[in-house]
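Worksheet: the structure to be examined is printed underneath.
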Amino acid sequence: MKLTTRSRYGTRMVLDIALNQGQGPVRVCDIARRQDLSVKYLERLIGELKRAGFIKSRRGPKGGHMLARPMSEITVGEIVRVLEGGIEVIGCGTDVKSCPRAEVCLTRKAWMRAGRALYTELDSITVADLIKDAQACPRAENGEASAPPAPARPASDKDRT
């Protein structure tokens, strides 16, 4: 199962707004530059996130976007549902009519449980949690937390000689 760029970029955009709205509304072109993403693509995602009530906008020369709700009340699961329309591991998870075998399928229940587990986890992660995690890690130039350094490689017998 793979999340599309809609969910990944949309979550990055919400996180970028949360991190930068302290200086006032955040412009899409600034988000695009920091995250190395297309302005046009982010503008499409912003519209969906605004309609869902996650983001509010201000027009004008000092305009831009801000979170419409506290970051502690926005979960990654909510963002993914809005941008993906929900993620079903299988099509018959919510629509039994999409598969003639759905009623007798022996694996359908396993796939439905996997989808619920995914959303249970995503719903437990808030934007505030991601910010807290990002602040605990060194920052990369593009505004995302960088990965921790790789553990030191144990010396081999060849290195000891």
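The values are calculated or read from the model by the stated rules, or taken from the named source; none is laboratory data. None of these values were measured; they are calculated from a predicted model. Here Cβ is always computed from backbone atoms with ideal geometry, including for glycine, and neighbour counts include all displayed protein chains.
Determine the pairs where a residue that is modelled with pLDDT of 95 or more, located within the stretch 1-19, has a partner that is part of a loop (DSSP other than H, G, I, E, B) and of a type in the set (Phe, Trp, Tyr) with Cβ atoms under 8 Å apart, the partner being 6 or more residues away or on another chain. Every condition considered, the pairs that remain are Val14/Phe54. Would you confirm whether or not the stretch 140-161 contains a residue that is charged (D, E, K, R), at pLDDT 50 or above and outside any loop (DSSP other than H, G, I, E, B)? No, because not a single residue in the stretch 140-161 is charged (D, E, K, R), at pLDDT 50 or above and outside any loop (DSSP other than H, G, I, E, B).
Quick one: count up the residues across the stretch 1-51 that are in contact with a Leu (Cβ under 9 Å, 6 or more places away or on another chain) and of a type in the set (Gly, Ala, Ser). Qualifying residue count, the stretch 1-51: 4.
Considering only the stretch 20-39, state which residues are buried (at least 20 other Cβ atoms within 10 Å of the Cβ) and assigned to a helix (DSSP H, G or I). Within the stretch 20-39, Val28, Ile31 qualify.
So how many residues does the stretch 67-86 have that are under 21 Å from Gly22 (Cβ atoms) and buried (at least 21 other Cβ atoms within 10 Å of the Cβ)?
First pass over the stretch 67-86, keeping only residues under 21 Å from Gly22 (Cβ atoms): 67-74, 79.
Remaining after also requiring buried (at least 21 other Cβ atoms within 10 Å of the Cβ): 74, 79.
So the count comes out to 2.
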